[in-house]
Structures are given as structure tokens and as C-alpha cells.
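Remarks on the structure that follows.
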Amino acid sequence: MASVEAFECDPDFCPRCGSILPLPGLLEVVSCTLCNFQKDTSDFEGIEVHSRKVFNTVKEKTTTTKQADESVGPMVDRKCPNCGHEGMTYTTRQTRSADEGQTVFYGCPQCKFQETEYS
């Protein structure tokens with residue numbers, strides 16, 4: 001009784017279930033691991049297999065422009081020691097170990113003077 005193949009496909013795939021066949025080895029046949037379909041290794045003669053793995057594709061860098069660098073952000077009532085302007089912007093960062101206080105970075109929106117306070 002002749003078997004009816006469900007798929008018309010490349011020799012790398014099982015024509016019954018469609019799964020990928022293992023590479024030919026030292027045996028005379030290649031067996032599908034899913035449905036046990038067998039194929040002569042002579043069917044693979046002259047076929048070249050090329051593969052390629054791509055990791056971390058290179059992407060174009062996009063540049064963004066900041067609006068007035070440090071002048072954007074929350075304001076605090078603090079006099080700039082450089083120009084005397086009332087009001088400075090601030091950001092906070094944890095620059096030391098967690099059991100120590102945070103570091104506050106102040107910036108003058110007028111003269112761009114920057115000041116750091118360790119608390």
C-alpha cells in the first residue's frame with residue numbers, strides 16, 4: 001500500500017507531518033522523530049545546507065535634542081550662587097550606597113551653573 005504524503009516540501013522536511021528532518025548521519029535512512037517517516041540518505045546527495053545566526057543587529061543611532069539641558073525640571077526656591085537668580089531646577093540620584101542619603105543636583109536656568117549637594 002503506497003503512503004499518501006500530506007506535504008509537498010523541501011527534502012529537509014517530513015512530507016507526512018511537516019516537521020524538520022534531522023541531518024543525515026551514518027545510517028542509510030533519515031527518520032522523522034515525530035512520525036517515524038523514513039527517507040533514503042541518497043535523496044540528500046548534492047544538497048548544500050547554509051545557515052546563519054544574527055545576533056545584535058546594528059541600528060542607526062537617533063539623536064535627540066534636549067530643551068535647554070538642565071533648565072527643564074522641577075524648580076526649588078534656591079538662589080543661584082553664580083548669578084543670584086531666584087529659583088533653580090533640581091534632580092536627585094542615588095550615587096552612594098543605599099543606606100546613605102541621595103545626591104541632589106541643582107541647575108540655574110539662567111546661567112547654567114550647576115551645583116551638587118550630598119545629603
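Looking at the stretch 98-119, is at least one residue surrounded by 11 or more Cβ atoms within 10 Å (Cβ to Cβ), modelled with pLDDT of 85 or more and hydroxyl-bearing (Ser, Thr, Tyr)?
Yes, that holds for at least one residue.
Check off (1) over 30 Å from GLY18 (Cβ atoms); (2) free of Cβ contacts under 8 Å to residues at least 40 places away in the same chain for LYS112 and give me the number that stays unchecked.
Here LYS112 clears every test but (2).
For the stretch 81-107, name all the residues that are in contact with a helix residue (DSSP H, G or I) (Cβ under 7 Å, 6 or more places away or on another chain) and of a type in the set (S, T, N, Q).
Scanning the stretch 81-107 gives a single hit, THR89.
Against the definition (free of Cβ contacts under 8 Å to residues at least 12 places away in the same chain, out of contact with any His (no Cβ under 6 Å at 6 or more places or on another chain) and not acidic (Asp, Glu)), how does LEU34 come out, yes or no?
no
One line per residue, one yes/no per condition, for (1) touching an Asp or Glu at 6+ places or on another chain (Cβ under 7 Å); (2) modelled with pLDDT under 90; (3) open to solvent by 50 Å² or more (accessible area, probe 1.4 Å); (4) β-branched (Val, Ile, Thr):
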{"residue": "GLU8", "(1), (2), (3), (4)": "no, yes, yes, no"}
{"residue": "PHE13", "(1), (2), (3), (4)": "no, yes, yes, no"}
{"residue": "GLY46", "(1), (2), (3), (4)": "no, yes, yes, no"}
{"residue": "VAL54", "(1), (2), (3), (4)": "no, yes, yes, yes"}
{"residue": "THR57", "(1), (2), (3), (4)": "no, yes, yes, yes"}
{"residue": "THR65", "(1), (2), (3), (4)": "no, yes, yes, yes"}
{"residue": "CYS83", "(1), (2), (3), (4)": "no, no, yes, no"}
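Can you tell me which residue in the stretch 29-44 is farthest from PRO11 (Cα to Cα), limited to those that are in contact with a Ser or Thr (Cβ under 9 Å, 6 or more places away or on another chain) and open to solvent by less than 80 Å² (accessible area, probe 1.4 Å)?
Residue satisfying both the conditions and the ranking: CYS35.
Would you confirm whether any residue within the stretch 27-38 is out of contact with any Pro (no Cβ under 7 Å at 6 or more places or on another chain), at pLDDT 85 or above, of a type in the set (S, T, N, Q) and on the phi > 0 side of the Ramachandran plot?
Looking through the stretch 27-38, at least one residue is out of contact with any Pro (no Cβ under 7 Å at 6 or more places or on another chain), at pLDDT 85 or above, of a type in the set (S, T, N, Q) and on the phi > 0 side of the Ramachandran plot.
In this structure, is PRO74 touching a strand residue (DSSP E or B) at 6+ places or on another chain (Cβ under 7 Å) and exposed (fewer than 13 other Cβ atoms within 10 Å of the Cβ)?
yes
The values are calculated or read from the model by the stated rules, or taken from the named source; none is laboratory data. Everything numeric in this text was worked out from a predicted model, so none of it was measured. Here Cβ is always computed from backbone atoms with ideal geometry, including for glycine, and neighbour counts include all displayed protein chains. Just the protein is used for accessible areas: all its heavy atoms, side chains included, with ligands, DNA and RNA removed. Shrake-Rupley method; radii C 1.70, N 1.55, O 1.52, S 1.80 Å.
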